Amino acid sequence: MTAVRHINPPELHSSPAFSQVVRVPAGADTIYVGGQNGVAPDGTVVGAGMAEQSRQALANLRTCLEAAGAAVTDVVKWTIFYVEGAEVLAGLSAFGEFWPRDAAPPAITVVEVSDVGPPGALLEIEAVAAVRS
């Protein structure tokens, strides 16, 4: 299988935090991880702040990916939903701690919403990963 390509057209802004385009070749298995909140195994929200909830949501995503035979660096697309008024920069900082610096970043969409489900939850993150078949 040809490698996944991360593309940043020179006509667009380039950022170390995300890729503008990710091209996945034929022959890759795609893994779709449903939205994960910053909740503990018992379903309770782990803290009142965006940073701790982001760290837990990302840990939950890692658990899901590994259960499907993927690694976080196989993620080609994140979608992050955050509750209006939440400290987005604290969440992005947690993502910066989580994502390996030497890995090409995935495409990312960030959306402000009114609610994400569990009472007190500030964000929900879903992912699409691509792995060799």
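Here is how the numbers come out for the structure above:
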{"quantity": "Single condition SER114 does not satisfy, out of (1) farther than 28 Å from ASN8 by Cα; (2) surrounded by 12 or more Cβ atoms within 10 Å (Cβ to Cβ)", "calculated": "(2)"}
{"quantity": "Complete set of residues in segment 16-72 that are assigned to a strand (DSSP E or B), over 19 Å from LEU122 (Cβ atoms), over 17 Å from the mean Cα position of the chain (by Cα) and of a type in the set (A, V, I, L, M)", "calculated": "ALA28"}
{"quantity": "Residue in segment 93-131 that is farthest from the chain's Cα centre (by Cα), counting only those that are farther than 17 Å from TYR32 by Cβ and charged (D, E, K, R)", "calculated": "ASP115"}
{"quantity": "Among residues of segment 77-131, those that are at pLDDT 95 or above, part of a loop (DSSP other than H, G, I, E, B) and of a type in the set (D, E, K, R), counted", "calculated": "2"}
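The values are calculated or read from the model by the stated rules, or taken from the named source; none is laboratory data. None of these values were measured; they are calculated from a predicted model. Note that each Cβ is placed from the backbone with ideal geometry, even for glycine, and that neighbours are counted across all protein chains shown.
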